[in-house]
Amino acid sequence: MKKVLMGNHAASWAVMRARVKVISAYPITPQTHIVEELSEICADGRLDAKFLKVESEHSAMASVIAASSTGVRVFTASSSNGLALMHEMLHWASGARLPVVMVNVNRALAPGWNIWADQTDSLAQRDTGWIQIYVEDNQEVFDTVIQGYRVAEQVMLPVMVCYDAFFLSHTYEPVDIPDEELVDKFLPPYDPLHYLNPADPHNFSALVMPEHFMEMRWKVQRAMERVPEVAAKTHEEFADVFDRRYGLVEAIECDDAETVLVTSGTTTSPARVLVKKLREQGKKIGVLKLRYFRPFPGPQIYDVLKGKKRAIVIDRNISFGKGGIWADELRGALANYEDVPPVYGYVMGLGGRDITPDQLEEIVTEVEGMGKPDSLLYWKGLKV
């Protein structure tokens with residue numbers, strides 16, 4: 001069945017198809033439509049789930065952590081300052097090895113108050129132990145939420161599915177909604193090994209002494225290191241069932257490219273337009289779309305960028321005092337490889353400002369006229 005859905009409702013329908021049992025959230029623009037739709041879906045009986053109304057995002061995450069601990073599939077959603085308020089509980093979800101799936105609609109952090117797209121909110125949670133995936137269109141929103149549960153429940157780590165405010169959250173596109181039986185075939189019922197059960201008592205989230213704490217963190221890291229293999233297998237199984245294929249990264253026209261634009265989220269779409277135009281003019285240019293941020297897909301990025309003349313990373317975010325976060329992560333991931341291109345990091349589009357093919361073409365022209373980068377950070381579209 002195909003429906004024309006806004007990105008937020010694509011997420012809601014995916015949660016319904018995943019047969020989630022507990023949903024808890026606090027409203028915040030631009031994610032509110034997700035849980036509004038889910039509250040109606042629960043109320044009219046299309047989904048047999050508990051919908052918990054709470055007084056804050058911190059409480060929403062605490063609620064789904066508690067519910068997940070009892071062995072049921074859970075969901076929440078947030079954005080921007082709401083996600084920041086969850087910060088403490090994000091560590092609890094990953095440390096307790098709970099496969100919570102959350103949608104974060106990327107929105108600028110205040111002040112000044114701004115409700116438009118900016119990835120700094122979720123990228124600031126990079127060290128919380130959550131798998132992070134960034135998506136480009138509404139079909140990918142639906143598919144990634146479904147895939148998120150499959151990956152999360154194999155490695156027992158939480159998953160954050162991230163997409164850009166308004167460019168996807170409030171924009172309508174055709175979305176293929178598979179039948180429930182098809183989703184069931186791909187995503188079996190959640191069946192954890194350990195969960196809160198009075199008939200089989202265990203100790204959960206107890207005080208951990210120094211002789212054991214570091215090993216617990218090592219196990220979280222080991223689980224994160226399993227994600228590329230688990231995700232690749234999951235993507236193959238997803239393609240077998242739904243005939244749509246995804247990866248940790250997507251290389252577009254990169255085989256013979258000399259210049260590669262590295263993008264994430266909806267920034268990929270204007271880059272696709274530009275590449276098509278410049279290819280028609282004979283320019284060897286490609287796009288590397290990054291889907292996974294945690295774990296960071298360093299080997300997969302190296303496979304694409306090895307031997308290229310230049311890599312231009314477009315960041316709709318900033319780590320103050322350093323630069324674009326994707327660019328910084330990419331430089332670190334490639335540091336021990338040979339034959340890697342110089343990395344030019346551009347920050348643009350903060351607070352929802354448009355990123356256009358014309359602007360990206362100006363960047364490509366600028367970089368092709370440069371020598372090696374003389375800065376970790378270049379700005380585009382700055383009005384000063």
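Remarks
- Neighbours by Cβ (under 7 Å, 6+ apart or cross-chain): first from region 173-198, farther than 30 Å from residue 5 by Cβ; second surrounded by fewer than 16 Cβ atoms within 10 Å (Cβ to Cβ) and among the polar types (S, T, N, Q): 195/70; 196/70
- Filter result for residue 244 (touching a strand residue (DSSP E or B) at 6+ places or on another chain (Cβ under 9 Å) and in contact (Cβ under 8 Å) with a residue 24 or more places away in the chain): yes
- Test: residue 287 is at pLDDT 95 or above, open to solvent by less than 10 Å² (accessible area, probe 1.4 Å) and hydrophobic (A, V, I, L, M, F, W, C): yes
- Of all residues in region 222-247 being open to solvent by 100 Å² or more (accessible area, probe 1.4 Å) and not in a loop (DSSP other than H, G, I, E, B), the one that is farthest from residue 143 (Cα to Cα): 222
- Subset of region 1-28 [free of Cβ contacts under 8 Å to residues at least 40 places away in the same chain and under 12 Å from residue 42 (Cα atoms)]: 12, 16
- Scanning region 252-267 for residues that are within 19 Å of residue 132 (Cα to Cα) and not in a loop (DSSP other than H, G, I, E, B) yields 262, 263, 265, 266, 267.
- Residue 133 open to solvent by less than 10 Å² (accessible area, probe 1.4 Å) and in contact (Cβ under 8 Å) with a residue 24 or more places away in the chain: yes
- Any chance residue 34 is among the aliphatic types (A, V, I, L, M), over 19 Å from the mean Cα position of the chain (by Cα), closer than 17 Å to residue 145 by Cβ and open to solvent by less than 60 Å² (accessible area, probe 1.4 Å): no
- Of 10, 67, all but one fail to be surrounded by 22 or more Cβ atoms within 10 Å (Cβ to Cβ) and either acidic (Asp, Glu) or farther than 14 Å from residue 103 by Cβ (or both); the exception is 67.
- When region 95-122 is limited to residues that are assigned to a helix (DSSP H, G or I) and open to solvent by 10 Å² or more (accessible area, probe 1.4 Å), the one that is farthest from residue 170 (Cα to Cα) turns out to be 95.
Residues checked against (1) open to solvent by less than 70 Å² (accessible area, probe 1.4 Å); (2) under 24 Å from the mean Cα position of the chain (by Cα); (3) more than 26 Å from residue 127 (Cβ to Cβ); (4) among the aliphatic types (A, V, I, L, M):
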| position | (1), (2), (3), (4) |
| --- | --- |
| 328 | yes, yes, no, no |
| 334 | yes, yes, no, yes |
| 337 | no, no, no, no |
| 363 | yes, no, yes, yes |
| 374 | no, no, yes, no |
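- Test: residue 299 is at pLDDT 95 or above and open to solvent by less than 60 Å² (accessible area, probe 1.4 Å): no
- There is no residue in region 268-285 that is within 30 Å of residue 110 (Cβ to Cβ) and assigned to a strand (DSSP E or B).
- Annotation note: Cβ proximity below 8 Å between a residue of region 223-240 that is without any contact (Cβ under 8 Å) to a residue 24 or more places away in the chain and a residue that is aromatic (Phe, Trp, Tyr) and not in a helix (DSSP H, G or I) (sequence gap 6+ or interchain) occurs for 239/246.
The values are calculated or read from the model by the stated rules, or taken from the named source; none is laboratory data. Note that the structure is predicted; figures quoted are calculated from it, not measured. All Cβ positions, glycine included, derive from the backbone under ideal geometry; neighbour counts span all protein chains shown. Side chains are part of the model used for accessible areas, which takes the heavy atoms of the whole protein and leaves out ligands, DNA and RNA. Shrake-Rupley method; radii C 1.70, N 1.55, O 1.52, S 1.80 Å.
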